[in-house]
Amino acid sequence: MSGRERVLARIRRATAGSGPAAEVPRDYLRVHGARTPEESADLLAAHLAEYRATVHRVAGDCLAPLLARLLRERGARTVLVPDGLPAHWLAAADPARVPDRAAATPYELDAVDSVVTGCALAIAETGTIVLDGGPGQGRRRITLVPDHHICVVRVPDQVVDSVPHALPLLDPTRPLTWISGPSATSDIELDRVEGVHGPRALEVVLLTAQ
């Protein structure tokens, strides 16, 4: 029995016969103010920038050249490509493609220069990108180990206003990764260090159809 299984077994024993869970009041605001889809995208971009993510806005036909330029400016020689990523997104990019393999070790992933993914959705009020391992997103670790992550968000289809709006759209049984800016932490003297728990650089592309 694994440590996880032992912990869960203890929780089940401790809660056995305790009756139904108490009803949790849900009388909080579900969204703070009314916004148009354009205003929600603007708010998302502003909060991402506050978190030190780099935000780009582009129409559909210009996505491939933009991704090629971002990878070139980064000096990327390899780019990790998850299953289901639209092939035309990287049609103009030069770096060698690295597939998302279950057998890949952390050392192999650390050697990859960049990763490009889509997302499940993005939350305007918190500046958060959510990945759920769906098509074009790959395994959780491919967005945590490489040092440079480019994430494409379809606007307005994948942008929601708030966390209460996001939760009903997400499957809690999937591996959800919530990203608010590049990985960062601070020591006791508040010296910020980036890239400790994930990518040092996060670039978010807000993709519109036109």
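Points to keep in mind about this one:
- Seen from Ser18, the other residues with C-beta closer than 15 Å to its C-beta sum to a net charge of +2, counting Lys and Arg as +1 and Asp and Glu as -1.
- Hypothetical label at Glu108: residues of region 118-156 whose amide nitrogen lies under 18 Å (7 Å Cα-Cβ projection): 138-147
- With a Förster radius of 45 Å applied to the C-beta separation of Val24 and His88, the computed FRET efficiency comes to 0.50.
- Burial order of peptide ranges 26-33, 55-62 (average beta-carbon count within 10 Å, highest first): 55-62, 26-33
- Taking the C-alpha atoms only, the angle from helix 3-15 to the longest principal axis of the chain is near 40 degrees.
- Percent carbon-and-sulfur accessible area, the chain, ignoring ligands, DNA and RNA, probe 1.4 Å: 55
- Crossing angle, helix 37-50 versus the chain [Cα axis fit, 0-90 degrees, rounded to tens]: 90
- Once C-alpha pairs closer than 8 Å and six or more residues apart are averaged by separation and normalised to the residue number of the chain, the relative contact order reads 25 percent.
- Fraction of alpha-carbon pairs over 28 Å apart in the chain - percent: 36
- Extension reserve of the Arg101-Leu176 stretch, reckoned as 0.36 nm per residue once the Cα distance is removed: 25.1 nm
- Mean Cβ count within 10 Å, highest first, over the residues of peptides 167-178, 10-21, 74-85, 113-124: 113-124, 74-85, 167-178, 10-21
- Cα long-axis angle, helix 63-74 against the chain (0 to 90 degrees, to the nearest 10): 90
- Taking other residues whose beta carbon is less than 9 angstrom from the beta carbon of Gly133, and scoring Lys, Arg as +1 and Asp, Glu as -1, yields +2.
- Share, in percent, of DSSP beta bridges within the chain that are antiparallel, nearest 5: 25
- The distance from the alpha carbon centre of region 114-129 to that of region 37-61 is 10 Å, rounded to a whole number.
The values are calculated or read from the model by the stated rules, or taken from the named source; none is laboratory data. Given the structure is predicted, the values throughout are model-derived calculations rather than measurements. Counting neighbours? That spans all protein chains shown, and the Cβs are built from the backbone with ideal geometry, glycine included. Please note that ligands, DNA and RNA were not included when accessible areas were found on the heavy atoms of the full protein model with its side chains. Shrake-Rupley method; radii C 1.70, N 1.55, O 1.52, S 1.80 Å.
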